[in-house]
Amino acid sequence: MSDAPALDPEMLERLRRGVPLVLAPTGRFRFEGADVTHTRVEMALRTGLDVTEAGEAVVHLGAQWCYLTVEDCLLRGTAVQERDGGLWLRLDDGREVALPHHTLWEEPDRGLRASVPSARSGRPMSVRLTNAAQLQLSTWIEFDESTDQATLVYGGLRSPIPTTAPSS
């Protein structure tokens, strides 16, 4: 048991918001402007990603957590594979999830995005598909030039890919 006095909640909130941790669009973490390069530290940060009930990005390390600045999406989808009668998305936090086709959308000039549940809270977290994952997924995408509409086609599924984020 610790004899240390508890921090004032307002002070704790300021400390949590003051951590200079950034998640770059490339998926790299930066702390005080320098890339986090230790593989295990990077994976600990990545697997600790979550969002608050208000939708703010946080990272948990054990019982401690802080806010972080996210310059694009919280996660990257690094691969798409066909398996067990479905399409699966590999995430850079180490998970594989069924491709969340109902959340898939194309951000103009930025590429495909989706949303997956956080491993910690289950709240939706943003995912940017990497070029490799988009190329793999293209096997199941039809494009209608007359309507400028892309559609995911897999099995009996025909799911148009909008150019605006689906409503939650």
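The values are calculated or read from the model by the stated rules, or taken from the named source; none is laboratory data. None of these values were measured; they are calculated from a predicted model. Neighbour counts run over all protein chains shown; Cβ positions are idealised from the backbone, glycine included. What goes into the accessible areas is simple: the full protein's heavy atoms, side chains included, and nothing from ligands, DNA or RNA. Shrake-Rupley method; radii C 1.70, N 1.55, O 1.52, S 1.80 Å.
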How about the stretch 83-138: which of its residues are open to solvent by less than 20 Å² (accessible area, probe 1.4 Å) and among the β-branched types (V, I, T)? V116, V127
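Quick one: count up the residues across the stretch 142-168 that are of a type outside the set (K, R), at negative phi, without any contact (Cβ under 8 Å) to a residue 60 or more places away in the chain and open to solvent by 50 Å² or more (accessible area, probe 1.4 Å).
14
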Go through the residues of the stretch 49-59 one by one and say whether even a single one is under 25 Å from G111 (Cα atoms) and more than 18 Å from the chain's Cα centre (by Cα). no
